[in-house]
Amino acid sequence: MPVSANFIRMLEKVQPELREVFLALWEEIERSGFNELKEIVRDISENLKGLTEAQRRTEERLGELAERMNQLTVRV
């Protein structure tokens, strides 16, 4: 999460001790937000793998169904 120029200008006006507190807080927010985002991306990836497998099975069953229909039409 990038820091805006306005935020940096505001920090320059703050006492050094308080500036350190703000920077530590910003780092903590940045770190926790990034970790949460990584977890969300990991969950989406796992769900996508499951959906891909389900799609593959569906296409396989559809192919089997088409083959059976062809066999039935040949017999008629």
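Give the stretch 26-46 a look and list any residue that's of a type in the set (Asp, Glu), within 18 Å of Phe7 (Cα to Cα) and without any contact (Cβ under 8 Å) to a residue 24 or more places away in the chain, or say none.
Glu27, Glu28, listed by residue number.
For the stretch 45-76, what are the residues that are of a type in the set (D, E, K, R), under 28 Å from the mean Cα position of the chain (by Cα) and open to solvent by less than 90 Å² (accessible area, probe 1.4 Å)?
Once the filter is applied, which keeps residues that are of a type in the set (D, E, K, R), under 28 Å from the mean Cα position of the chain (by Cα) and open to solvent by less than 90 Å² (accessible area, probe 1.4 Å), the stretch 45-76 yields only Glu53.
Among the numbered criteria (1) open to solvent by less than 90 Å² (accessible area, probe 1.4 Å); (2) of a type in the set (S, T, N, Q); (3) at pLDDT 90 or above, which one does Ser4 miss?
So Ser4 meets the others, but not (3).
The values are calculated or read from the model by the stated rules, or taken from the named source; none is laboratory data. On a predicted model such as this, the values are computed, not experimentally measured, just so you know. Positions of Cβ are generated from backbone atoms using ideal geometry, with glycine treated the same way; all protein chains shown enter the neighbour counts. These accessible areas exclude ligands, DNA and RNA; they are computed on the full protein's heavy atoms, side chains included. Shrake-Rupley method; radii C 1.70, N 1.55, O 1.52, S 1.80 Å.
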